[in-house]
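Below is one structure, written out as structure tokens, with a few remarks after it.
The values are calculated or read from the model by the stated rules, or taken from the named source; none is laboratory data. Small disclaimer: the values here were computed from a predicted structure and weren't measured. For neighbour counting, all protein chains shown are included, and Cβ atoms are generated from backbone atoms with ideal geometry for every residue, glycine included.
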Amino acid sequence: MQLHHQKHHATYVNNLNIAEEKLAEAQAKSDITSIIALQPALRFNGGGHINHSIFWQNLSPNGGGEPDGDLMHLIKSDFGSFENFKTQMSNMAVAVQGSGWAWLGFNTTTNSLQLSSCANQDPLRATTGLVPLFGIDVWEHAYYLQYKNVRPDYVKAMWNVVNWTDVSERLVEAQQNVGV
Amino acid sequence: MTMLVARSSQIFKCGFRLVAAGCSQHCAKHTLPDLPYDYNALEPVISAEIMRLHHQKHHATYVNNLNIAEDKLAEAQAKSDTSSIIALQPALKFNGGGHINHSIFWQNLSPNGGGEPDGDLMQLIKADFGSFENMKTQLSAAAVGVQGSGWAWLGFNGTTNRLQVATCANQDPLQATTGLIPLFGIDVWEHAYYLQYKNVRPDYVKAVWNVVNWKDVSERLDAAK
């Protein structure tokens, strides 16, 4: 947690600020080539900042168990059961090739929950249009020191610290933006 | 080793089996090549713990999953199931690339490595990069700059007859992806260094130069030419 927060996330923040300064300079000079050349840095570091900011809130020492209310209702209607949803999301997280994230997202067009994975730090919303509710970071730095190569064990354990209150709050906010 | 004879065959170095292209029967399987040195041989550059996990878990998994994917490919070919053949490509690229890349990597490194190359390789490095230091700086920067998982490569361009630095994402194999012949690769997946170097990838990349097996790299250049 210490390395993930103080080194990895902090680096995304620092490099995002640098990239955004360079972007402002390029815009001031109407330098389209540079604006375009900055996109990978903006996506990588911006995505990294967005993703990790969500992730820390998605987790809680008081987490785990199952959600209730509207979120549980929607999980049951869109996945059949909570167990089904958990299995599908876990499988997706384990199957990511290389670095990336597995997400439970909300589709504001169909008003339903959807699973999706993204490569590297590609942010869910900008990449797929889905509103991120709960993400599982499967970059090796997220688990390797503890779980080594056994990503499935890490993914399985994660469910014990999911902060369903936070995930539910994100769903409420996403539903308010339906059609936006 | 069983020899499979067919109209066309492909031969690979380093522990690959002799494959008959288009073989629709159960072919001999890929196997995990042994390391040419002990797990602790590359210390202090790469720890024994990393080498063991990297070889026995990560590379072994690519080998196993490649065999599974190739079995499925043969089945799909036998049924002329084009959709499945196409659907298998990501698994073939990922696991096939993983097997190719790591097989090269173990040979690229040596406890007696480091220093600088000589002969034709050094000459070409000087001609194409200006100096050995320049090549080292460029390849290191490429390795550190990889976003996410991937590899940085010194490759040989058979068309221009020149050396080139390139990076590939995930386990995408250099030759199939870019046409360049792989000479020396630096694995920058976090599993390659994290237990020892944590997030400080630059320190790992800097240290790797101390175990580069220039003899192996030179042999690959000769073979490429």
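Let's see how each residue does on (1) within 20 Å of the chain's Cα centre (by Cα); (2) closer than 24 Å to B:Asn199 by Cα:
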residue: B:His99; (1), (2): yes, no
residue: B:Trp106; (1), (2): yes, yes
residue: B:Gly130; (1), (2): no, no
residue: B:Lys136; (1), (2): yes, yes
residue: B:Thr160; (1), (2): no, no
Counting only residues in region B:185-225 that are within 14 Å of chain A (Cβ to nearest Cβ) and of a type in the set (Phe, Trp, Tyr), the one nearest to B:Ala48 (Cα to Cα) is identified as B:Tyr193
Return yes or no: is B:Asn40 modelled with pLDDT of 95 or more, in contact with a helix residue (DSSP H, G or I) (Cβ under 7 Å, 6 or more places away or on another chain) and of a type in the set (S, T, N, Q)? yes
If you go through region A:13-31, how many residues are more than 30 Å from the chain's Cα centre (by Cα) and aliphatic (A, V, I, L, M)? 1
The one condition A:Gly63 fails out of (1) within 14 Å of chain B (Cβ to nearest Cβ); (2) in contact with a Phe, Trp or Tyr (Cβ under 8 Å, 6 or more places away or on another chain); (3) more than 24 Å from B:Leu195 (Cβ to Cβ); (4) touching a residue at least 40 places away in the same chain (Cβ under 8 Å) is (1)
Can you name every residue in region A:6-22 that is more than 13 Å from chain B (Cβ to nearest Cβ) and either within 19 Å of A:Phe134 (Cα to Cα) or crowded, with 18+ Cβ neighbours inside 10 Å (or both)? A:Leu16
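Quick check on my filter: what residues within region B:140-151 are of a type outside the set (Val, Ile, Thr), within 12 Å of B:Val205 (Cα to Cα) and surrounded by fewer than 24 Cβ atoms within 10 Å (Cβ to Cβ)? Can you show your working first?
Quick first cut of region B:140-151, residues of a type outside the set (Val, Ile, Thr) only: B:140-143, B:145, B:147-151.
Next cut, within 12 Å of B:Val205 (Cα to Cα) only: B:140-143, B:145, B:151.
B:Ser140, B:Ala141, B:Ala142, B:Gly145, listed by residue number.
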Residue list for region B:39-95, filter: polar (S, T, N, Q) and within 17 Å of the chain's Cα centre (by Cα): B:Gln56, B:Thr61, B:Asn64, B:Asn65, B:Asn95
Here is a check on your reading of the model: is B:Gly179 buried (at least 23 other Cβ atoms within 10 Å of the Cβ), under 16 Å from the mean Cα position of the chain (by Cα) and of a type outside the set (A, V, I, L, M, F, W, C)? no
If we only count helices (runs of 4 or more DSSP H) wholly inside region B:39-129, which ones have 1 or more residues that are crowded, with 18+ Cβ neighbours inside 10 Å and in contact with a strand residue (DSSP E or B) (Cβ under 6 Å, 6 or more places away or on another chain)? B:89-108, B:119-129
Is it true that B:Tyr194 is crowded, with 19+ Cβ neighbours inside 10 Å, under 20 Å from B:Gln107 (Cβ atoms) and hydroxyl-bearing (Ser, Thr, Tyr)? no
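A quick yes/no check of all residues on (1) of a type in the set (Ser, Thr, Tyr); (2) closer than 26 Å to B:His55 by Cα:
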residue: B:Ala76; (1), (2): no, no
residue: B:Thr82; (1), (2): yes, no
residue: B:Ala87; (1), (2): no, no
residue: B:Pro90; (1), (2): no, yes
residue: B:Gly96; (1), (2): no, yes
residue: B:His102; (1), (2): no, yes
residue: B:Trp106; (1), (2): no, yes
residue: B:Asn112; (1), (2): no, yes
residue: B:Glu116; (1), (2): no, no
Restricting to region B:67-95, name every residue that is farther than 27 Å from A:Ser99 by Cβ, among the hydrophobic types (A, V, I, L, M, F, W, C) and in contact (Cβ under 8 Å) with a residue 40 or more places away in the chain. B:Ala74, B:Ala78
So the check is Cβ under 9 Å with 6+ separation or different chains; which pairs have a first residue in region A:108-135 that's closer than 20 Å to B:Gln147 by Cα and away from chain B (no Cβ under 14 Å) and a second one that's part of a helix (DSSP H, G or I) and among the aromatic types (Phe, Trp, Tyr)? A:Gly135/A:Phe55
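If we scan region B:69-77, do we find a residue that is of a type in the set (S, T, N, Q) and more than 12 Å from chain A (Cβ to nearest Cβ)?
Yes - at least one qualifying residue is present in region B:69-77.
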